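A.B. asks: Below is one structure. I have some questions about it.
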Amino acid sequence: MTSRSPLAPPITDQADDIDRVWDVFLYLALGVLAFVVVLVVYVVIRFRRRDDRLPQQKHYNIPLEIAYTVVPFVLVVGLFAITVVTVNAIDDTDTDPDLTVHVTAFQWQWEFEYPESGVRIIGGADTDAPELVLPADSSVLFELESLDVIHSFWITAFRFKRDIIPGTVTEFSVDMSDDAAGEYPNAGVCAEYCGLDHALMRFSVRVLEPAEFDAWLVEQANDQEVAG
Amino acid sequence: MTAVDPTVDPDREAMGGADPDRLVEIDDFLGDPDAHGPRGLPRTIIGWLTTTDHKALGIAYIVTSMVFLGIGGALAGVIRAELAEPGLQLVSVETYNSVFTIHGSVMVYLFAVPFGFGMANYLLPLQIGAPDLAFPRLNAFSYWLYLIGGAVMLLGFVADGGAASFGWFAYPPLSGAAGTPGIGADMWIVSIILTGTSGTLTAVNVIATVTMMRTPGMTLFRMPILTWNMFITSFMVLVAFPVLSGALLMLLADRQFGTHFFDPVDGGSPILWQHLFWFFGHPEVYIVALPFFGVVTEIFPVFSRRPVFGYKGLVLATLAIGALSTSVWAHHMFATGDLVLPFFAATSLLIGVPTGVKIFNWIGTMWDGSLSFEAPMKFAIGFLVTFVAGGVTGIMLASPTLDFHLTDSYFVVAHFHYVMGGTVIFAMFAAIYFWWPKVTGRLLSEKLGTWHFWLLMAGFNVTFFVQHLLGRAGMPRRVPDYRPIENFELWNKISSFGFLILVASMVPFLINVVRSLRSPATVGADPWHANSLEWATFSPPADHNFTWLPPIRSERPVFDLRWINFEGVGAPTSADAWEARHDHDEQWLPLHQWSDEEEQKRTTGPRPIERTSEGQSSDEDRADGDRGDDGEEIT
């Protein structure tokens with residue numbers, strides 16, 4: 001399925017972690033579902049009505065009831081432990097990133113600004129989806145700001161989104177994987193419904209090797225200086 | 001007695017074979033159904049407009065909410081038609097945005113919750129042996145508030161600028177005056193204040209009824225689980241609904257009166273709305289679900305011929321869900337990052353435990369039973385499977401690690417359609433097939449019920465299962481258009497095709513309903529051999545419900561009575577209670593001065609039970625020694 005899936009591959013260290021957690025939850029969920037379905041099918045076949053006798057009327061079994069309370073509880077505690085460990089790592093903001101990207105969302109487009117070099121990429125009504133360019137093998141801090149309503153900055157290849165609330169600047173950081181370089185044309189989208197053209201608030205992601213990225217940034221800075 | 005069957009568990013055999021000659025039928029106690037005045041629903045328009053009868057209002061709630069289900073379903077049809085292909089084909093973006101907003105709002109506010117209130121109306125007084133709810137006129141007021149509220153929401157479509165289009169949770173600033181101008185949005189707010197108030201009043205009514213109007217012998221721990229769940233749900237309503245109404249008033253004030261509660265430009269907080277809304281919104285999910293959990297908990301025992309397994313554990317689990325449900329709200333807001341993530345992850349994961357307990361209670365009820373698969377049982381089992389499928393994705397979403405990716409995607413859409421759509425609809429049809437004979441005095445066809453069930457099962461899963469894949473792959477919710485990627489297109493087509501099967505599944509149901517209503521009403525009081533008190537009165541019940549009640553010594557008074565001629569089957573004290581009632585009647589009834597008419601009625605009824613040692617069957621058994629009269633006395 002992975003080869004044909006429209007889901008972009010994970011391109012950050014955090015996304016790799018999230019995919020590992022996903023696997024744990026997914027297999028456990030499928031296991032629980034299969035267990036219950038098998039139980040129900042067994043019960044339906046084994047205990048179907050065969051005659052008019054009244055079955056036994058025992059209406060409780062304390063040890064069993066404790067067991068089926070404690071076992072799910074233990075599972076949930078395990079899942080909670082996995083969650084806390086990973087979520088703290090994901091939610092940890094890098095104070096000294098290799099690159100900062102300032103994202104401005106507005107109805108219904110994106111602007112990506114690289115404050116260190118002054119480069120800006122703005123999506124317009126009649127342009128294609130804007131492209132967010134990032135370096136591989138680097139830590140990146142995203143500062144998110146909205147000019148109007150709530151948006152949500154979702155890069156599927158990050159397995160992560162963060163809401164953009166007007167009136168505050170939200171932020172998060174990622175560590176781009178060293179093998180992240182590539183084009184991810186369908187990876188970016190606004191996930192929080194934001195009015196009329198919410199569906200068109202998409203962007204693409206392109207990841208370059210660090211050296212190429214620096215060259216690209218210089219080139220963009222020069223272009224924008226000439227244009228500006 | 002039937003011969004010993006060596007393949008049968010000796011424990012079962014000790015219960016005695018079921019010899020129909022010695023089983024007690026409720027009908028034998030009730031006598032002529034039409035001897036006690038009018039039964040059934042109002043027959044005139046004035047009758048409907050002025051009724052305060054809980055049964056008539058219950059049916060009004062249920063029919064109205066099913067009309068809203070039809071409207072919400074039609075709106076869903078627009079959504080699935082538009083999404084069958086990428087690009088815009090059918091409707092404009094503006095219309096699409098209104099359609100999904102009103103689809104969600106109708107289903108949540110106008111269908112799922114009011115259907116539960118309808119069941120509370122009709123069944124709860126019957127299940128506790130009461131003649132009506134505690135405040136019948138308040139109850140009528142609640143219904144009319146709900147109907148008017150619903151109408152106001154739908155009238156938004158003809159308002160200037162169209163119906164509300166900010167999604168059913170109305171996040172400001174988008175839902176503010178600048179984000180969504182137009183009167184349709186204000187109508188949406190007013191509509192939900194009205195229906196919310198209606199719900200709050202019904203909750204007050206249910207709590208007062210359960211607290212004050214249980215018949216003698218009906219202790220809390222003898223109440224049917226459905227009544228328990230309605231009772232607990234009502235407390236949750238009292239916690240959650242006023243918060244929503246208050247928040248909506250604040251939003252209305254922001255839009256109309258220039259306040260700035262949620263407007264960031266002037267120092268308001270959009271996040272505040274999210275906290276208030278979800279503080280309502282998550283208890284709401286359980287407010288929707290608990291009554292339907294109650295429904296299947298009534299159905300599994302009847303068609304398994306077993307008592308509820310772990311009754312007290314089940315009640316405790318429901319209480320735990322009620323308590324925890326007020327502390328999980330912010331799991332809808334993980335992606336804001338503005339939270340103590342581990343706390344809300346912990347409570348959200350934890351609420352899976354009592355919910356899981358219920359699943360094992362239901363399986364435990366069927367275990368070792370004698371299962372038959374009439375339509376109510378089919379739908380109840382369908383509910384169980386659908387609910388587990390929705391529950392396990394709920395556990396995934398409770399972990400912020402995964403929720404960051406999955407929230408606001410079609411994965412969430414799939415999840416809550418499994419837990420709120422599938423479980424509600426399967427359990428709702430289970431309830432309809434189960435109580436249909438009680439309400440109408442008629443049966444529904446099993447054959448059509450089977451068609452209905454399997455088409456619904458297929459249609460539901462085909463529609464919603466692929467939405468998990470879509471969401472995980474990156475399709476956001478609330479979009480009329482999506483990228484023309486191969487699998488997105490395929491999966492959306494499958495989902496839209498599944499919706500057609502869902503619609504088709506309603507055909508056998510509607511035929512079934514029409515056919516049944518045209519047949520004569522000949523079903524007795526207790527066609528399923530059920531357990532709780534609503535089966536101890538006529539179908540449909542007489543005015544003020546009961547002319548007679550069995551002694552109540554367990555959570556299954558009707559079962560206890562049916563098996564009273566067998567040692568050790570029913571509640572141990574129910575036979576004693578029956579004797580005591582008999583002795584009481586022998587001693588005291590002769591002192592009563594009967595009019596000729598009363599004497600006639602007393603002495604000509606049937607006499608089914610032969611318990612008295614003298615072997616003399618006397619009619620006094622029919623009079624109710626425990627309470628002296630029918631339910632009216634305790635009002």
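A.B. asks: Please go through region B:149-190 and pick out each residue that is without any contact (Cβ under 8 Å) to a residue 40 or more places away in the chain, more than 22 Å from B:P264 (Cβ to Cβ) and not in a helix (DSSP H, G or I).
C.D. replies: Answer for region B:149-190, where residues must be without any contact (Cβ under 8 Å) to a residue 40 or more places away in the chain, more than 22 Å from B:P264 (Cβ to Cβ) and not in a helix (DSSP H, G or I): B:A159, B:D160, B:G161.
A.B. asks: Within the set of pairs 6+ apart or on separate chains, which have a first residue in region A:204-227 that is touching a residue at least 12 places away in the same chain (Cβ under 8 Å), a second that is assigned to a helix (DSSP H, G or I) and surrounded by 14 or more Cβ atoms within 10 Å (Cβ to Cβ), and C-beta atoms under 8 Å apart?
C.D. replies: Pairs that qualify, where the first residue is touching a residue at least 12 places away in the same chain (Cβ under 8 Å) and the partner is assigned to a helix (DSSP H, G or I) and surrounded by 14 or more Cβ atoms within 10 Å (Cβ to Cβ), are A:V205/A:A157; A:L208/A:W216.
A.B. asks: Next question, about the same structure. What tally of residues in region A:136-175 results from selecting those that are in a strand (DSSP E or B) and at the interface with chain B (Cβ under 8 Å from one of its Cβ atoms)?
C.D. replies: Here the count works out to 8.
A.B. asks: Let me ask another. Can you find a residue in region B:90-97 that is charged (D, E, K, R) and under 26 Å from the mean Cα position of the chain (by Cα)?
C.D. replies: no
A.B. asks: Select from region A:25-43 the residues that are exposed (fewer than 15 other Cβ atoms within 10 Å of the Cβ) and hydrophobic (A, V, I, L, M, F, W, C) and write down the one among them that is nearest to the chain's Cα centre (by Cα).
C.D. replies: A:L30
A.B. asks: Failed condition for A:T86, given (1) at the interface with another protein chain (Cβ under 7 Å from one of its Cβ atoms); (2) closer than 26 Å to B:I381 by Cβ, with all others met?
C.D. replies: Only one criterion in (1) at the interface with another protein chain (Cβ under 7 Å from one of its Cβ atoms); (2) closer than 26 Å to B:I381 by Cβ is unmet by A:T86, namely (2).
A.B. asks: Do we have A:P55 as more than 9 Å from every other protein chain (Cβ to nearest Cβ), of a type outside the set (S, T, Y), surrounded by 18 or more Cβ atoms within 10 Å (Cβ to Cβ) and assigned to a loop (DSSP other than H, G, I, E, B) here?
C.D. replies: No, not satisfied.
A.B. asks: May I ask you to verify whether B:P301 is part of a helix (DSSP H, G or I), buried (at least 23 other Cβ atoms within 10 Å of the Cβ) and not aliphatic (A, V, I, L, M)?
C.D. replies: yes
A.B. asks: Moving on. Go through region B:545-572 and count every residue that is more than 23 Å from B:Y122 (Cα to Cα), at pLDDT 90 or above and not charged (D, E, K, R).
C.D. replies: Of the residues in that region, 0 qualify.
A.B. asks: Name the one entry in A:L33, A:L39, A:L79, A:L28 that is more than 7 Å from chain B (Cβ to nearest Cβ), among the hydrophobic types (A, V, I, L, M, F, W, C) and outside any loop (DSSP other than H, G, I, E, B).
C.D. replies: Residue meeting the stated conditions: A:L28.
A.B. asks: Which residues, counting only those in region A:169-184, are free of Cβ contacts under 8 Å to residues at least 60 places away in the same chain and either touching a Leu at 6+ places or on another chain (Cβ under 7 Å) or surrounded by 17 or more Cβ atoms within 10 Å (Cβ to Cβ) (or both)?
C.D. replies: A:V169, A:T170, A:A181
A.B. asks: Yes or no: region A:27-47 includes at least one residue that is within 30 Å of B:W563 (Cα to Cα) and either assigned by TED's automatic domain parsing to the domain that holds A:V205 or of a type in the set (F, W, Y) (or both).
C.D. replies: yes
A.B. asks: Can you tell which of B:G356, B:G382, B:G369 is crowded, with 23+ Cβ neighbours inside 10 Å and under 16 Å from the mean Cα position of the chain (by Cα)?
C.D. replies: Within the list B:G356, B:G382, B:G369, the selection yields B:G382.
A.B. asks: Moving on. Given region B:342-436, what helices (runs of 4 or more DSSP H) lie entirely inside it while holding 3 or more residues that are within 10 Å of chain A (Cβ to nearest Cβ) and of a type in the set (A, V, I, L, M, F, W, C)?
C.D. replies: So the answer is B:352-366, B:375-398, B:400-406.
A.B. asks: List every residue pair whose Cβ atoms sit under 6 Å apart, with the two residues 6 or more apart in sequence or on different chains, where the first one lies in region B:316-343 and is within 17 Å of B:L397 (Cα to Cα) and the second, anywhere, is acidic (D, E).
C.D. replies: That search, which allows pairs on different chains as well, returns B:F334/B:D403; B:A335/A:D163; B:T336/A:D163.
A.B. asks: Could you say which residue among B:A112, B:A120, B:A130 is surrounded by 24 or more Cβ atoms within 10 Å (Cβ to Cβ) and not in a helix (DSSP H, G or I)?
C.D. replies: B:A130
The values are calculated or read from the model by the stated rules, or taken from the named source; none is laboratory data. None of the values given here were measured: they were computed from a predicted structure. Ideal geometry is used to build each Cβ from the backbone, glycine not excepted, and the neighbour counts take in all protein chains shown.
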